[in-house]
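The values are calculated or read from the model by the stated rules, or taken from the named source; none is laboratory data. What you see is a predicted model, and the numbers here were worked out from it, not measured in a lab. When we count neighbours, we look across all protein chains shown, and the Cβ atoms used for this are built from the backbone with ideal geometry, even at glycine.
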Amino acid sequence: MIKIHEKLIEKVLLLSASVSASLTILILGFMIVLGLPLLTGGLFFDLLTQPWSPRQELYGIYPMVMGTLAIAFLGVLFACPLSLGCASLISVLGPRPVSLFLKRIVQFMTGVPTVIYGFVGVFLLVPFIRELFQAGSGMCVLSASLMLAVLVSPTMILFFSDSFNQVPASYLNAVDALGGSRVQKLLYIVLPCAWRGILTGLVLGTGRALGDTLIALMIAGNAVQAPGSVLDSARTLTSHIALVIAADYESLEFKSIFACGIVLYMFTTLAVIGIRAFNPSDRKTTL
Amino acid sequence: MKAKTLLVSVFLVGWSLVFGSNANATALEAFKGEKGTVKIAGGTAHIPVVKEAAKRIMTYNPAIQISIAGGGSGVGIKQVGEGLIDIGNSGRKPTDEEIKRYNLHMFKWAIDGVGIVVNPKNPVTSLSKEQTRNVFAGKINNWKQLGGTDKPITVYTRDEASGTRAVFWKKALAKGDITPRANFVVSNGAMKSAIAQDPYGIGYVSVGHIDDTVSAVTFCGVAPTLDNVKKGKYTIARGLYSNTKGKPGGLAEKMIGYLLSSEGQEIVSEKGFVPVK
């Protein structure tokens, strides 16, 4: 009786696992099939290098690829020191009540919808940047990446602090026994031991930054040019898809967004491969 | 799609009789005893009028629910053609190809102008056709060249789905270039708030949306006012359409009938558009 039950549960779980796994592959297949007219004839690589100008029949996504990379990497760059500091305070340096309180706040922050950050960006950050630099509209790469840093840092903080907590207690006790300070403990033991976790957190944060739509859509300005400076307005692949999806189904504009989808998919795949590469211990347990 | 669509759903539940139903009984009587939902999406210029009409209908008969979403004219035409919504609004006439493919029926219930707007602090108040084209093409990029302060111009434009953009591009820019440096916003409302916030911005918006927060610029010596649009003096004008797939029936037909009734046309002029009747 019990055995039948177990078999049944196993089968049901297998079914749901294979459905969710095959969905990911199906989506890739779907994008490739619909993007096939672009992929054949080398048009796909033209798209990657051309500018976007539907009037001259140029449907390139080069400006969007550059915009995405600029905004995402700058966002992670801003988020990195913030997250490292915060995670250090939570896991190593801070007194218990402070770190517990901080951890709760950070956990809460992971649940804030991105549209809220977008609103804050539009009404506080954009006017501030505009007045500070006295150039352009304030809707620019810098504003978007600053806001994106706020969005991705909770994920990174929690990941960092988890990896800090995995440092063997005997190492930490050894530092205490030698009379080392908390700062020494962090610098010489925790950070070197947790570097894989830090790298994984960075890659994870980059993946999240690449995939976010709303913040860039609301405050990056969405101009179709590769940004030349951080004060230039730019458009990400995700917001490009959101802006063009309303175009006619039959038009080349619409078809070109499948190229955006494929490029985004590749970016995310690279991020996941990155996580796997940096985390061999993780691979051992899963395989 | 969700990221783009600013959902302005209105769900009025309860018997709030703010608008005395007796006074408006004639046009609203068509909705007596009706029940069901009407889904409307598309052009963002239409929203003030459609929202007010929906409010009155739902107050008169709370069994009817009307949801109103934005998205732009392209979205309106596409979604109604695919059968996702009952009425698709567009701020431009659907193309012959769209009409043929989706078997669209069009109802024009208002005339609207598209006005150029700048921040109220901006001293520039009039532009010639030539200047407008050069500003939007990025050839004139400092307000000093137009008699304003020595600051770079930030150009704002709308996305591909916008009917307002289609009309402005055709009638004001004569299908000229729009600079790739232009910022993109996704609705008439978003355009208004972007210009209201940016002292050096320039954009274009449905005349019905112009208020104190932005300053309307005279185009070729004609101010974008309701009166000038009505007399045909202001040339950047277009019809506001509601489209249905095939002949409208049921509540969709009544909703369009209400917009074309004398009471509906009153709402049209109240909200700053030119009635068609």
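Could you tell me which numbered condition B:ALA216 fails, if it satisfies all but one of (1) closer than 22 Å to B:PRO48 by Cα; (2) outside any strand (DSSP E or B)?
(2)
Determine, yes or no, whether A:LEU231 is surrounded by fewer than 21 Cβ atoms within 10 Å (Cβ to Cβ), at pLDDT 85 or above and not in a helix (DSSP H, G or I).
Working: surrounded by fewer than 21 Cβ atoms within 10 Å (Cβ to Cβ): yes; at pLDDT 85 or above: yes; not in a helix (DSSP H, G or I): yes.
So A:LEU231 fits the description; yes.
Answer yes if at least one residue in region A:193-212 is within 14 Å of chain B (Cβ to nearest Cβ), within 23 Å of B:PRO180 (Cβ to Cβ) and either not in a loop (DSSP other than H, G, I, E, B) or not charged (D, E, K, R) (or both), and no otherwise.
The answer is no; no qualifying residue exists.
Can you confirm whether region B:117-131 contains a residue that is surrounded by fewer than 19 Cβ atoms within 10 Å (Cβ to Cβ), facing chain A (nearest Cβ under 10 Å) and of a type in the set (D, E, K, R)?
The answer is no; no qualifying residue exists.
Just for region A:25-42: of the residues that are surrounded by 15 or more Cβ atoms within 10 Å (Cβ to Cβ) and over 24 Å from the mean Cα position of the chain (by Cα), which one is nearest to the other protein chains (Cβ to nearest Cβ)?
Top of the filtered list is A:LEU34.
For B:TYR234, state whether it is farther than 26 Å from B:VAL75 by Cβ and of a type in the set (Phe, Trp, Tyr).
So B:TYR234 passes the test.
Any idea which of (1) modelled with pLDDT under 90; (2) farther than 22 Å from A:GLY205 by Cβ is the one A:LEU100 doesn't satisfy?
(1)
Taking into account only those residues within region A:127-146 that are in a loop (DSSP other than H, G, I, E, B) and free of Cβ contacts under 8 Å to residues at least 40 places away in the same chain, which is surrounded by the most Cβ atoms within 10 Å (Cβ to Cβ)?
A:GLY138
Among B:GLY163, B:GLY208, B:GLY138, which is within 14 Å of chain A (Cβ to nearest Cβ) and more than 26 Å from A:SER143 (Cα to Cα)?
Working: B:GLY208 fails: within 14 Å of chain A (Cβ to nearest Cβ); B:GLY138 fails: more than 26 Å from A:SER143 (Cα to Cα).
Checking each option against the conditions leaves just B:GLY163.
Taking region A:178-217, which residues are over 18 Å from A:CYS260 (Cβ atoms) and in contact with a Gly (Cβ under 6 Å, 6 or more places away or on another chain)?
A:VAL203
Yes or no: A:ALA149 surrounded by fewer than 18 Cβ atoms within 10 Å (Cβ to Cβ), among the aliphatic types (A, V, I, L, M) and in contact (Cβ under 8 Å) with a residue 40 or more places away in the chain?
So A:ALA149 fails the test.
Every residue in region A:209-228 that is surrounded by 24 or more Cβ atoms within 10 Å (Cβ to Cβ), of a type in the set (Gly, Ala, Ser) and farther than 13 Å from A:ALA72 by Cβ, please.
Within region A:209-228, A:GLY221, A:ALA223 meet the criteria.
Exactly one of these conditions fails for A:VAL115: (1) in contact with a Gly (Cβ under 9 Å, 6 or more places away or on another chain); (2) part of a helix (DSSP H, G or I); (3) within 14 Å of chain B (Cβ to nearest Cβ). Give me its number.
Only one criterion is unmet by A:VAL115, namely (1).
Quick one: B:LYS233 ticks every box in (1) over 14 Å from the mean Cα position of the chain (by Cα); (2) surrounded by fewer than 24 Cβ atoms within 10 Å (Cβ to Cβ); (3) in contact (Cβ under 8 Å) with a residue 12 or more places away in the chain except a single one, so which number is it?
Every condition holds for B:LYS233 apart from (3).
Give the number of residues within region B:248-277 that are more than 17 Å from B:HIS105 (Cβ to Cβ) and not in a helix (DSSP H, G or I).
Count: 7.
Which one of these is touching a strand residue (DSSP E or B) at 6+ places or on another chain (Cβ under 6 Å), among the β-branched types (Val, Ile, Thr), within 14 Å of chain B (Cβ to nearest Cβ) and under 27 Å from B:GLY138 (Cα atoms): A:VAL224, A:VAL244?
Among A:VAL224, A:VAL244, only A:VAL224 is touching a strand residue (DSSP E or B) at 6+ places or on another chain (Cβ under 6 Å), among the β-branched types (Val, Ile, Thr), within 14 Å of chain B (Cβ to nearest Cβ) and under 27 Å from B:GLY138 (Cα atoms).
Results for (1) out of contact with any Asp or Glu (no Cβ under 9 Å at 6 or more places or on another chain); (2) within 14 Å of another protein chain (Cβ to nearest Cβ), shown as yes or no for each residue.
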residue: B:ILE40; (1), (2): no, no
residue: B:LYS51; (1), (2): yes, no
residue: B:ASN61; (1), (2): no, no
residue: B:ILE64; (1), (2): no, no
residue: B:GLY72; (1), (2): no, yes
residue: B:ILE77; (1), (2): no, yes
residue: B:GLU82; (1), (2): yes, yes
